[in-house]
Amino acid sequence: MGCCCSTLTSVCMKLGLSLFGSCGCPNPAKYLYILNDKQHEIISSHFEEFSDIKYLTLRAIDFSFQEKTYTVQCGFATDGVSSGLVCSNWIDIDSSIKHDFLYATHPADRATCDRVLSPFYRRWAVSLFGTSAWEASGVRGALLIKRDIDTTKLMVYHNADCESCSQFVQLSKEDGCTFDSFFEEIKI
């Protein structure tokens with residue numbers, strides 16, 4: 001896909017996400033940053049197992065689950081609503097992000113983690129078709145992108161507390177700069 005096509009695709013996705021906010025639904029554009037082709041290529045070149053991700057979270061999401069509080073950190077890599085518009089219509093993007101986080105970090109068994117999803121028919125669909133996602137996500141972990149003063153890192157965590165990183169890659173200055181638009185957007 002050429003440069004202008006990927007830019008057009010990104011603009012159309014952003015516009016589509018924003019439209020949900022105008023119809024009274026939660027606005028996914030306020031939750032998610034759409035990765036462009038170059039950003040996706042950089043992530044996939046370092047961590048091939050994350051080649052399916054499309055978005056980074058734009059804000060932290062705190063939630064309680066099994067009497068414990070978790071935080072999905074800003075910069076968490078997600079596929080958004082993997083069941084697509086047919087099952088969810090993006091109405092409950094919040095529960096999808098939490099679900100991706102729980103699948104990536106496995107703080108409980110699969111059936112328990114599926115309870116974070118709403119509405120009920122999404123839980124039902126995931127219970128039928130989510131086995132491979134549960135297994136793959138637990139192996140690969142949770143990917144976060146973070147930036148210190150002058151370094152950009154891709155970090156993989158396997159625990160829900162995200163306290164100890166199991167793998168990380170410090171991006172080259174050039175590759176790190178391709179994520180400037182993400183870091184500018186989270187400052188807004």
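Some notes on this structure:
- Residues of segment 145-168 satisfying the condition of being exposed (fewer than 11 other Cβ atoms within 10 Å of the Cβ) and among the charged types (D, E, K, R): Asp148, Asp150, Glu163
- Spans of strands (runs of 3 or more DSSP E) in segment 95-188 with at least 2 residues among the charged types (D, E, K, R): 142-147
- The residues in segment 123-162 that are more than 18 Å from the chain's Cα centre (by Cα) and either modelled with pLDDT of 80 or more or charged (D, E, K, R) (or both) can be counted, and the count is 5.
- The criterion of being of a type in the set (S, T, N, Q), on the phi < 0 side of the Ramachandran plot and buried (at least 17 other Cβ atoms within 10 Å of the Cβ) does not hold for Ser172.
The values are calculated or read from the model by the stated rules, or taken from the named source; none is laboratory data. Please read these numbers as outputs of a predicted model, since none were measured by experiment. Virtual Cβ from ideal backbone geometry, glycine too; neighbours counted across all protein chains shown.
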